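For reference, the structure is listed below as structure tokens.
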Amino acid sequence: MFITRLTLTAAIAGATLASAAAVQAADISGAGATFPYPIYSAWAKTYKEKTGTGLNYQAIGSGGGIKQIESRTVTFGASDKPLGGDELEKNTLVQFPTVMGGIVPVVNVDGIKPGELVLDGETLAKIYEGKITKWNDPAIAKLNEGVKLPDAAIAVVHRSDGSGTTFNYTYYLASVDETWKNDIGVSTAVEWPVGLGAKGNQGVAANVDQTKNSIGYVEYAYALQNNMTYTDMINKAGKKVAPKAEAFAAAAANADWSSQPGFGVILANQPGDKTWPMTAATFILMHKDAKDGAASTEALKFFDWAYANGGDAAAKLDYIPMPENVVAQIKKEWGQIKGKDGNAVWSMNH
Amino acid sequence: MTATSDYDSGVKSTRPVAQSDRIFGSLTLAAAVVVLLVLLGVFASLVLGAWPAFKEYGLSFLWTAKWNPVTDKFGALAPLYGTVVTSIIAMVIAVPVGLGIAIFLTETCPRVLRRPLGIAIELLAGIPSIIYGIWGLFVFAPFMQSYIQPFLIDTLGHVPVIGTLFAGPPYGIGMLTAGLILAMMILPFIASLARDIFQTVPPMLRESAYGMGMTRWEVNRHIVIPHVRTALVGGIMLSLGRALGETMAVTFVIGNAHRISGSILAPGTTISAAIANEFTEATTPIYTSSLIALGLVLFILTFIVLAAAQWMLKRMKQKSGA
């Protein structure tokens, strides 16, 4: 456990320092979101065994992924924050989702086990605004009758880097709390009123783990892999839900993917009794006018393989694969990616 | 054989030697110029990169405490404050302890211990900063949160005036923790510099002082330290320069929060930590430019500190030469 976290934390620094250009020719190069990093690396491992083609994915955060693809230092960028139609147009980018997952609050409070604590959106927003400062605050106590809460200050942990996880998290907080919406806003990085900043999902996980009476937010796989104490949530329908694959899937059930350019649907605070309120899709960005057509083909082959064969690996880490009809639409979208010769780098018979 | 013939030809005709000397001379000059060019290049690209930020916010960038990526309002005050505060904490602790080590090594240390201790200090200086960072987060911060910080809050926290310095909940991570880690990192630097400086004191001075019946404390207080005062201050400034720019270890334990707090237990950020955290993910041009502007501020700050150090060391040399 300790070693895992240690390597994860070391990887944060490594990922930042490593240059995206230093990629072996045969490997697919990508950079961006830390949110889907666990599943991308699981896929990459199996894919390498099957095909011999590796994936060099640098989990540097969504903001970094957007920057790197715009400057064309990688074949694909990854972001949990979907870009709007204008931005895609401006940079001649194609955007498509790969998987969906859940963001969960994680806490480190003595005597509290995973799933024992329940929070709602408003309370979470007040904690992150610095208005609720103690664990035994009446607002938390009301939601958790019978749970012994300490009279201790809450140590708030947030992301210090630009992050798609933060984007989806603040999007949710803004949708349930007026003050958040007006005073703080929604972005990959915001001006946090309180708390400690940590780099990457790994960094938040490590900081919550090391700091007593703390609370943070991470992608569910990080909570799972590090045996962290996640909390349940009250969703839009007023029902208590646990962060589980079916709750994430419920959030995506009603999504209309074709309604947004580049499938840019945000799944926060969706209706439904079983819906996890902080669900998010994660996206891939690729240039329509590929600098290296062959590299783009290799990348698309990888994602094609992942859509077809990556479901089990995704389920193991509680990510939700994209529905088949959406995958069909995505592949149609791939036809827009063209190499230097003007021919599409992807065709259905690959 | 070859060596002899080379030597012979050199004696017979001076021209080849003169030529090779010229080539050698211009090569070394080129090497030196490269450093200058790199320095100028770094400075120029920092100014160029920071230009949009200074054009947008003016010089008020330096004293604005806001850092809001949503509304694109940026100011350098919070990271500047964190940089200065953590460096002060580090110096307050590392300078006396470092001088203590140096005096012990040059004055009272038994001869057998001198070498192993010296090597241990140099090894400490060789530990990469990322190791200090990981150790700080996984070992030191939890220890601070469970023992040191609650103690400080309960005791010093209630003292009037300085109480605010030690207020607030114990997070473990924060400016004090960062300052302490920094102190550990620059301690070997100060200790070995000070040891070398103390060794320049002429033995005659020391022996005369002891001969007059002065105690060890008196010899060090009134003879050794006054003799090397300027060099010592120069050495301390060099260490300060290191502390100001230290990045990885600080990033791990400072809390990375763009806030100015009266309490040194609270999380903060430093210039280098902010850049390391945010540079790759800064999404708007003005955000990137503001981070580069932070880098420029640090560059100038470090330059001033190092220039002051050099000046003092030079004055010291002139004095001892005269």
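The values are calculated or read from the model by the stated rules, or taken from the named source; none is laboratory data. As the structure is a computational prediction, the values presented were derived from the model and not from experiment. No Cβ is skipped: glycine too gets one built from the backbone with ideal geometry, and neighbour counts run over all protein chains shown. Note: areas computed on protein heavy atoms with side chains; ligands, DNA, RNA excluded. Shrake-Rupley method; radii C 1.70, N 1.55, O 1.52, S 1.80 Å.
I need the full set of residues from the range B:38-91 which are within 14 Å of another protein chain (Cβ to nearest Cβ), open to solvent by 50 Å² or more (accessible area, probe 1.4 Å) and in a helix (DSSP H, G or I), in order please.
Step one: of the range B:38-91, the residues within 14 Å of another protein chain (Cβ to nearest Cβ) are B:64-75, B:77-79, B:82.
Then keep just the ones that are open to solvent by 50 Å² or more (accessible area, probe 1.4 Å); that gives B:66, B:70-71, B:73, B:77.
Selection gives B:LEU77 alone.
Run down A:LYS236, A:LYS212 and say which single residue is within 18 Å of A:MET100 (Cβ to Cβ) and open to solvent by 30 Å² or more (accessible area, probe 1.4 Å).
Numbers: A:LYS212 fails: within 18 Å of A:MET100 (Cβ to Cβ).
Result: A:LYS236 is the single residue among A:LYS236, A:LYS212 that is within 18 Å of A:MET100 (Cβ to Cβ) and open to solvent by 30 Å² or more (accessible area, probe 1.4 Å).
Which numbered condition in (1) hydrophobic (A, V, I, L, M, F, W, C); (2) within 14 Å of chain B (Cβ to nearest Cβ); (3) in contact (Cβ under 8 Å) with a residue 24 or more places away in the chain is the only one that A:VAL186 fails?
(3)
Take the range B:112-128 and flag every residue that is small (Gly, Ala, Ser) and open to solvent by less than 30 Å² (accessible area, probe 1.4 Å).
B:GLY118
Say whether the condition of being in contact with a helix residue (DSSP H, G or I) (Cβ under 9 Å, 6 or more places away or on another chain) and more than 9 Å from chain B (Cβ to nearest Cβ) is met by at least one residue in the range A:246-254. It would help to see each step written out before you state the result.
Going residue by residue through the range A:246-254, those that are in contact with a helix residue (DSSP H, G or I) (Cβ under 9 Å, 6 or more places away or on another chain) are A:248.
From what's left, more than 9 Å from chain B (Cβ to nearest Cβ): A:248.
Yes - at least one qualifying residue is present in the range A:246-254.
Regarding A:LEU196, is this residue over 19 Å from the mean Cα position of the chain (by Cα), open to solvent by less than 50 Å² (accessible area, probe 1.4 Å) and more than 14 Å from every other protein chain (Cβ to nearest Cβ)?
Answer is no for this residue.
Considering only the range A:138-151, I want to know if a residue exists there that is farther than 25 Å from A:ALA280 by Cβ, in contact (Cβ under 8 Å) with a residue 40 or more places away in the chain and aliphatic (A, V, I, L, M).
yes
Mind listing whichever residues of the range B:166-181 are within 24 Å of the chain's Cα centre (by Cα) and away from chain A (no Cβ under 13 Å)?
Of all residues in the range B:166-181, those within 24 Å of the chain's Cα centre (by Cα) come to B:172-181.
Of everything in the range B:166-181, those that are within 24 Å of the chain's Cα centre (by Cα) and away from chain A (no Cβ under 13 Å) turn out to be B:LEU176, B:GLY179, B:LEU180, B:ILE181.
Out of the residues in the range A:34-54 meeting the condition of being closer than 26 Å to A:GLY102 by Cβ and open to solvent by 30 Å² or more (accessible area, probe 1.4 Å), tell me which one is farthest from the other protein chains (Cβ to nearest Cβ).
Filtering the range A:34-54 for residues closer than 26 Å to A:GLY102 by Cβ gives A:34-47.
This time we only want the ones that are open to solvent by 30 Å² or more (accessible area, probe 1.4 Å), so: A:37, A:41-42, A:45-46.
On the way: A:TYR37: 15, A:SER41: 19, A:ALA42: 24, A:LYS45: 25, A:THR46: 28 Å.
Filtering the range A:34-54 for residues that are closer than 26 Å to A:GLY102 by Cβ and open to solvent by 30 Å² or more (accessible area, probe 1.4 Å), the one farthest from the other protein chains (Cβ to nearest Cβ) comes out as A:THR46.
Restrict the check to the range A:109-117 and report whether at least one residue is open to solvent by 10 Å² or more (accessible area, probe 1.4 Å), free of Cβ contacts under 8 Å to residues at least 40 places away in the same chain, within 14 Å of another protein chain (Cβ to nearest Cβ) and under 26 Å from B:PRO142 (Cα atoms).
No: zero hits.
Considering the range A:135-160 alone, what residues qualify as being surrounded by 18 or more Cβ atoms within 10 Å (Cβ to Cβ) and facing another protein chain (nearest Cβ under 10 Å)?
Matches in the range A:135-160: A:ILE154, A:ALA155, A:VAL156, A:VAL157, A:HIS158, A:ARG159, A:SER160.
Being in a helix (DSSP H, G or I), more than 17 Å from the chain's Cα centre (by Cα) and not small (Gly, Ala, Ser) narrows it down to one residue among B:ILE264, B:ILE300, B:ILE260, B:ILE292; which is it? Reasoning before the result, please.
Numbers: B:ILE264 fails: in a helix (DSSP H, G or I); B:ILE300 fails: more than 17 Å from the chain's Cα centre (by Cα); B:ILE260 fails: in a helix (DSSP H, G or I).
Answer to the check: B:ILE292.
Select, from A:ASP209, A:ASP183, the only residue that is over 14 Å from the mean Cα position of the chain (by Cα), closer than 22 Å to A:ALA139 by Cβ and part of a helix (DSSP H, G or I).
Unique residue meeting the criteria: A:ASP183.
Which count do you get for residues in the range B:260-287 that are of a type in the set (Val, Ile, Thr), under 25 Å from B:ARG242 (Cβ atoms) and open to solvent by 10 Å² or more (accessible area, probe 1.4 Å)?
So the answer is 4.
Assuming B:ILE292 fulfils every condition listed in (1) out of contact with any Gly (no Cβ under 7 Å at 6 or more places or on another chain); (2) open to solvent by 30 Å² or more (accessible area, probe 1.4 Å) apart from one, which condition is it?
Here B:ILE292 meets the rest and fails (1).
Have a look at B:ALA249, B:ALA243, B:ALA308, B:ALA231 and point out the one that is in contact (Cβ under 8 Å) with a residue 12 or more places away in the chain, under 30 Å from A:PHE167 (Cβ atoms) and small (Gly, Ala, Ser).
When all the criteria are applied, what remains is B:ALA249.
Would you confirm whether or not the range A:97-106 contains a residue that is in contact with a strand residue (DSSP E or B) (Cβ under 7 Å, 6 or more places away or on another chain) and part of a loop (DSSP other than H, G, I, E, B)?
no
Restricting to the range B:92-111, what's the tally of residues that are among the charged types (D, E, K, R) and crowded, with 16+ Cβ neighbours inside 10 Å?
Within the range B:92-111, the subset among the charged types (D, E, K, R) is B:107, B:111.
Within this subset, residues satisfying the condition of being crowded, with 16+ Cβ neighbours inside 10 Å are none.
So the answer is 0.
Taking the condition of being open to solvent by less than 40 Å² (accessible area, probe 1.4 Å), within 14 Å of another protein chain (Cβ to nearest Cβ) and in a helix (DSSP H, G or I), how many residues in the range B:208-255 meet it?
Residues in the range B:208-255 being open to solvent by less than 40 Å² (accessible area, probe 1.4 Å), within 14 Å of another protein chain (Cβ to nearest Cβ) and in a helix (DSSP H, G or I): 6 in total.
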